[in-house]
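These notes are about the structure you will find just below.
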């Protein structure tokens, strides 16, 4: 399944899933039906890889979502979407979440005028994200912003490409998260 980890490459015919839709290796073409626990585990691994999280970090997010009132799966996805690296990626400053994480870790992103270098920072409604003056002229950033002008932005974000600023209008709802994630399988996996 396409997870869009490689940025623009996943939109081109060079994508590995387009070239070969089976697992690598000698036994890759063998068909085996995954059932029960395997389906739940695959869904969890897919979400972990999409957002670039390790197991312990993902488990903490689930524990926080489980403690809050509301639907645990939706709260988990909302917390993952509100991470600063994901918001920078969604706004179109970068072509992948890994590139967004590097941009944040190097101190090129500020939230409400204060430099933030923690990619797991949880964004709140009304916060404004901007890029540092020096990095705005970077070739990769310029290309990513130009490519994002044609893409549709999630309804919970606003983007001003001329000033290299974006803002979180409100918290994302489940209907605004368009990725093919079945969060109920993750909740079932962790509730065993």
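Within the stretch 157-167, track down each residue that is assigned to a loop (DSSP other than H, G, I, E, B) and without any contact (Cβ under 8 Å) to a residue 24 or more places away in the chain.
Let us first name the residues in the stretch 157-167 that are assigned to a loop (DSSP other than H, G, I, E, B), namely 161-164.
The one that is assigned to a loop (DSSP other than H, G, I, E, B) and without any contact (Cβ under 8 Å) to a residue 24 or more places away in the chain: 162.
Can you spot a residue in the stretch 81-102 that is assigned to a loop (DSSP other than H, G, I, E, B) and exposed (fewer than 13 other Cβ atoms within 10 Å of the Cβ)? Please lay out each step first, then the result.
Kept after step one, since they are assigned to a loop (DSSP other than H, G, I, E, B), are these residues of the stretch 81-102: 82, 92-96.
Filter again for exposed (fewer than 13 other Cβ atoms within 10 Å of the Cβ), leaving none.
No - not one qualifying residue is present in the stretch 81-102.
Considering only residues that are out of contact with any strand residue (DSSP E or B) (no Cβ under 9 Å at 6 or more places or on another chain) and assigned to a loop (DSSP other than H, G, I, E, B), which ones fall in the stretch 168-187?
170, 171, 173, 177, 178, 179, 180, 181, 182
Test residue 130 against the stated conditions and say whether it is in a loop (DSSP other than H, G, I, E, B), buried (at least 16 other Cβ atoms within 10 Å of the Cβ) and not assigned by TED's automatic domain parsing to the domain that holds residue 70.
Numbers: in a loop (DSSP other than H, G, I, E, B): no; buried (at least 16 other Cβ atoms within 10 Å of the Cβ): yes; not assigned by TED's automatic domain parsing to the domain that holds residue 70: yes.
Spelling it out, it is not the case that residue 130 is in a loop (DSSP other than H, G, I, E, B), buried (at least 16 other Cβ atoms within 10 Å of the Cβ) and not assigned by TED's automatic domain parsing to the domain that holds residue 70.
(1) in a helix (DSSP H, G or I); (2) within 30 Å of residue 150 (Cα to Cα); (3) in contact with a helix residue (DSSP H, G or I) (Cβ under 8 Å, 6 or more places away or on another chain): which one isn't true of residue 73, the others all being true?
Going through (1) in a helix (DSSP H, G or I); (2) within 30 Å of residue 150 (Cα to Cα); (3) in contact with a helix residue (DSSP H, G or I) (Cβ under 8 Å, 6 or more places away or on another chain) one by one, residue 73 breaks only (2).
Rundown of residues vs (1) within 30 Å of residue 131 (Cβ to Cβ); (2) in contact (Cβ under 8 Å) with a residue 12 or more places away in the chain, yes/no style:
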| site | (1), (2) |
| --- | --- |
| 32 | no, no |
| 44 | no, yes |
| 74 | no, yes |
| 86 | yes, yes |
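I'd like to verify a number: residues in the stretch 1-56 that are modelled with pLDDT of 90 or more, surrounded by 10 or more Cβ atoms within 10 Å (Cβ to Cβ) and outside any helix (DSSP H, G or I), how many?
Result for the stretch 1-56: 2.
So residue 164 ticks every box in (1) touching a strand residue (DSSP E or B) at 6+ places or on another chain (Cβ under 7 Å); (2) modelled with pLDDT under 85 but one. Which box is left unticked?
Every listed condition holds for residue 164 apart from (2).
In this structure, is residue 135 more than 28 Å from residue 62 (Cβ to Cβ) and in contact with a helix residue (DSSP H, G or I) (Cβ under 8 Å, 6 or more places away or on another chain)? Steps first, please.
Details: more than 28 Å from residue 62 (Cβ to Cβ): yes; in contact with a helix residue (DSSP H, G or I) (Cβ under 8 Å, 6 or more places away or on another chain): yes.
Considered against the rule, which asks whether it is more than 28 Å from residue 62 (Cβ to Cβ) and in contact with a helix residue (DSSP H, G or I) (Cβ under 8 Å, 6 or more places away or on another chain), residue 135 comes out as yes.
The values are calculated or read from the model by the stated rules, or taken from the named source; none is laboratory data. Model, not experiment: these values are computed from the prediction. No Cβ is skipped: glycine too gets one built from the backbone with ideal geometry, and neighbour counts run over all protein chains shown.
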